[in-house]
Amino acid sequence: MNKKLGISLLLGTAVSLTTLYFAFRNVPVQELFAYLASINYVWIIPTVAAILVAFGLRAARWRFILASHYRVGFWQAFHPLMIGFMINCVLPGRVGEVARPLVLSRKEAVPLSTGLATVAVERIFDLIILLMLFLAVSAFVRIDPGYSFTFGKYQLDYEVLISVFNGMLKLSALMGASLLLVSLGPTRELGNRLVLAAPRLLFFASVSFRNRVREKICRPMIHVIENIAAGMALIKEPKRITICFIYSLAVWFFTALSYYIFSIGCPDIRLTFSEITAVMVIICFVIALPSVPGYWGLWEAGGIFAMLLFGVPENQAAGFTLANHAVQILPVVLVGLVSAWVSGVNIRQVAEQPRRV
């Protein structure tokens with residue numbers, strides 16, 4: 001294993017374990033382990049099935065977005081996607097977001113910039129769904145503005161959730177506007193002309209130097225812009241946007257379903273599907289904050305905070321959230337490793353490359 005990657009992995013693991021320790025240090029360990037032992041883990045089987053369906057839908061959605069310019073098979077999209085999510089689970093910095101299109105570019109000759117644009121499109125759809133779900137949760141669940149919950153070093157309250165909501169809203173608007181400008185012909189042509197005209201600002205340099213800047217820097221930049229536009233082609237077709245939106249709804253439905261199925265086997269967790277969906281949404285909002293690899297600590301804080309709102313005792317909420325987190329993460333890591341093996345992908349190289357992109 002590459003020395004830098006090994007250090008990064010060990011550091012990420014150490015930080016995750018330290019975060020878990022500080023998060024759970026005030027939770028009675030005996031009661032926590034007793035609860036974990038009481039869970040009916042048979043329910044893991046249908047839970048993992050729902051998780052894999054959700055990721056299968058993510059792969060189908062990504063393939064559908066790519067289909068505007070590049071035709072790739074389901075498995076050709078699924079394996080890079082799982083490798084990317086697996087890297088996100090074990091390494092800091094969310095480098096898996098870049099690793100996924102990087103694997104695709106190596107295996108299917110899809111330009112990296114196009115792959116990155118399609119990942120950005122996916123994220124916009126996910127953000128929109130989560131924002132809609134949060135609005136539904138806000139109408140469905142009353143969170144006392146004065147209520148505050150501390151778990152380890154994390155302190156959560158309604159203001160934190162609203163702050164994350166506003167941040168997500170601004171991010172989705174910024175990403176959408178930026179990518180829309182690149183995808184539209186007139187604005188893209190204007191941008192290309194401005195890029196080609198940029199060397200004129202170097203009036204103090206020789207003509208040959210300005211020409212080299214134009215050929216070596218400006219034209220490659222235009223090529224990247226065109227590749228990004230290819231990845232954004234979907235947003236110019238309302239019918240394809242609708243289909244992608246349906247895919248996104250299905251992704252989040254099966255993700256929530258996996259939470260609900262696992263809760264059936266957990267003692268004293270008697271939440272409805274709507275309530276479990278609310279728990280999932282709050283967890284997703286909380287882990288949007290800066291966190292360690294795999295979101296350890298923040299995930300548990302968000303889950304316990306959400307479940308307390310529905311009257312679940314803290315010890316049971318802690319046990320369920322910790323166990324569910326592991327069940328959500330481990331299949332992704334294992335399937336990601338299998339995808340890397342099947343695809344013949346060197347995880348070390350793929351994990352290191354995004355740091356240089």
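The values are calculated or read from the model by the stated rules, or taken from the named source; none is laboratory data. Quantities reported herein were computed from a predicted structural model and do not represent experimental measurements. We place every Cβ from the backbone using ideal geometry, glycine too, and count neighbours over all the protein chains shown. When the accessible area is computed, the model is the full protein with side chains, heavy atoms only, and any ligands, DNA or RNA have been set aside. Shrake-Rupley method; radii C 1.70, N 1.55, O 1.52, S 1.80 Å.
Based on this model, can you work out whether residue 144 counts as within 30 Å of residue 276 (Cβ to Cβ) and without any contact (Cβ under 8 Å) to a residue 40 or more places away in the chain? Yes. The residue of the stretch 309-332 that is surrounded by the most Cβ atoms within 10 Å (Cβ to Cβ), among those that are more than 23 Å from residue 88 (Cβ to Cβ) and either without any contact (Cβ under 8 Å) to a residue 12 or more places away in the chain or of a type in the set (Val, Ile, Thr) (or both), is 312.
Of all residue pairs spaced 6 or more apart or on separate chains, none has beta-carbon atoms under 9 Å together with a first member in the stretch 49-62 that is outside any helix (DSSP H, G or I) and a second member that is crowded, with 23+ Cβ neighbours inside 10 Å. Which one is farthest from residue 301 (Cα to Cα), of the residues in the stretch 148-166 that are touching a residue at least 60 places away in the same chain (Cβ under 8 Å) and aromatic (Phe, Trp, Tyr)? Taking the candidates together, the pick is 165. Residues in the stretch 258-265 include at least one that is over 22 Å from residue 55 (Cα atoms), open to solvent by less than 60 Å² (accessible area, probe 1.4 Å) and touching a residue at least 40 places away in the same chain (Cβ under 8 Å). Here are 106, 123: which of them is within 21 Å of the chain's Cα centre (by Cα), part of a helix (DSSP H, G or I) and not hydrophobic (A, V, I, L, M, F, W, C)? Of 106, 123, the one residue that is within 21 Å of the chain's Cα centre (by Cα), part of a helix (DSSP H, G or I) and not hydrophobic (A, V, I, L, M, F, W, C) is 123. Within the stretch 64-83, restricting attention to residues that are touching a residue at least 24 places away in the same chain (Cβ under 8 Å) and not hydrophobic (A, V, I, L, M, F, W, C), which residue is surrounded by the most Cβ atoms within 10 Å (Cβ to Cβ)? Going through the qualifying residues, I end up with 80. Between 109, 117, the distinction of being open to solvent by 30 Å² or more (accessible area, probe 1.4 Å) and among the hydrophobic types (A, V, I, L, M, F, W, C) belongs to 109 only.
Checking residue 289 against (1) surrounded by fewer than 20 Cβ atoms within 10 Å (Cβ to Cβ); (2) at pLDDT 85 or above; (3) closer than 30 Å to residue 270 by Cβ, only one condition comes out false. Which one? All conditions pass for residue 289, except number (2). Among the residues that make up the stretch 182-189, is at least one of them aliphatic (A, V, I, L, M) and exposed (fewer than 15 other Cβ atoms within 10 Å of the Cβ)? For the stretch 182-189, residues aliphatic (A, V, I, L, M) and exposed (fewer than 15 other Cβ atoms within 10 Å of the Cβ): absent.
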